[in-house]
Amino acid sequence: MMTPTDPAGLPAAAGIVLIVDDVPENLSLLHDALDEAGYTVLVATNGESALARARQSLPDVILLDAMMPGMDGFEVARRLKGEFATRAIPLIFMTGLTETEHVVAAFAAGGADYVTKPIRPAEVLARIAAHVHNAREVKQARSALDAFGQATVAVRAADGKLVWQTPLSRKLIAAWFPPAPGEPEERTPPRLLDWVRAAVAARRERREVPALVASEGPRRLLASFHDQTGEEEWLVVLREENDASAAEALITAFRLTAKEAEVLYWVTRGKTNRDIGDILGSSPRTVHKHLEHVFEKLGVETRTAAASMAMAKLRGAGEGG
């Protein structure tokens, strides 16, 4: 049996494939071919069981029969694409219908590809390998954003739909905006959506885009625009700041005392010596002496240079996010 390969000709890593077909002979043929090629194979014989298995297992690819009694493949596809958890799963339609309107219907329902019956296992394996490769590249790209502290979400400003989010952003959103019972996962939290819309308006009017989304004691959730991916769809990077963890990071990075780290942290926040003295309960003269020691340890001569070094270090450490 042919081993699936990725577009570069390399063996594909094993993945999970869900086959949805009401004809036992088709299920048997495809199951044996995929199993021999190293895939984990799940099967469903109707639309409802297909939806349940997809939600539970989140397969890498779904092979979907277009024509089934009851709920047909087109409706299954629409429902899968309408749910946040299953939206990104590639769907490959299997159909004996080659008329243009049926092919168009398959893609309109959210299909990524199609194969025609009678099924040719070698063709199916090649198509699956390509889609598994592409889907994993997308997952790796989103994981890479998280690895660099980039908790990223895509928000559609017009209707508030949360198009997608990285795992790190999901954690931040859950921590800062716990959903109400029954609230759909694909809805952008109102407070974040308000920020997106205000920031879009500010950007269009060439005003400064606000960074603060929410605050709670020493913790803050900040946001910034990364890019616009489509009409009214915006990539937003979220970052959590924590005064205490930021000061700890500065102590470790530059061998500062606790007071020196606190002073340097508030310098990065744009505070004057008098402001910092009020915050820390010290005189401006004491703050100035701490700052002199900070300059010496960092090897700089100005607060701007010290702030730049500190902010670079805090970005690298994720500022406790």
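The values are calculated or read from the model by the stated rules, or taken from the named source; none is laboratory data. It should be emphasised that the depicted structure is a prediction, and the values quoted were computed from it without experimental measurement. As a convention, Cβ positions derive from the backbone with ideal geometry for all residues, glycine included, and neighbour counts pool all protein chains shown. Surface areas here come from the heavy atoms of the whole protein model, side chains and all, with no ligands, DNA or RNA. Shrake-Rupley method; radii C 1.70, N 1.55, O 1.52, S 1.80 Å.
Structure summary
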item: Estimated dipole of the chain in Debye, rounded to 20 [Cβ of Lys and Arg +1, of Asp and Glu -1, Cα centre]; result: 1640
item: Given charges at Cβ of Lys, Arg, Asp, Glu: the chain dipole, positive-most of Leu172, Phe295, Val153; result: Phe295
item: Positive-end extreme of charge dipole, the chain - chosen from Leu264, Leu212, Met67 (charges on Cβ); result: Leu264
item: Solvent-accessible heavy-atom area per residue, rounded to whole Å², over the chain at 1.4 Å; result: 51
item: Taking the chain and dividing mean pair separation by its residue count, relative contact order in percent (alpha carbons under 8 Å, at least six apart); result: 11
item: Relative packing of 246-254, 60-68, which averages over residues the other C-beta atoms within 10 Å, highest first; result: 60-68, 246-254
item: Unit charges on C-beta of K, R, D, E only; dipole of the range 167-239, Debye; result: 360
item: Selection from Ile92, Val17, Ser245, by position along the positive dipole direction of the chain (Cβ); result: Ser245
item: Accessible-area order (highest first, 1.4 angstrom probe) of the listed residues Lys171, Lys81; result: Lys171, Lys81
item: Cα centroid separation - the range 83-132 against the range 258-307, whole Å; result: 61
item: Spin-label model distance (nm) - Lys271 vs Asp32, 7 Å beyond Cα toward Cβ; result: 7.3
item: Relative packing of peptides 202-208, 86-92 - highest average C-beta neighbours within 10 Å first; result: 86-92, 202-208
item: Out-of-range pairs (alpha-carbon distance over 20 Å; input Lys289/Lys313; Lys81/Lys117; Lys259/Lys289); result: Lys289/Lys313; Lys81/Lys117
item: Mean separation of Cα contacts under 8 Å, 6 or more apart, over the residue count of the range 163-281: relative contact order %; result: 13
item: Relative packing of peptides 212-218, 258-264, 164-170 - highest average C-beta neighbours within 10 Å first; result: 258-264, 164-170, 212-218
item: Length added when fully stretched, Asp72-Gln56, from 0.36 nm per residue minus Cα-Cα; result: 3.7 nm
item: Residue-count net charge about Val209 - beta-carbon cut-off 13 Å; Lys, Arg +1, Asp, Glu -1; result: +3
item: For the chain, the fraction of alpha-carbon pairs in successive 10 Å shells from zero, as %; result: 5, 21, 22, 19, 14, 10, 6, 2, 0
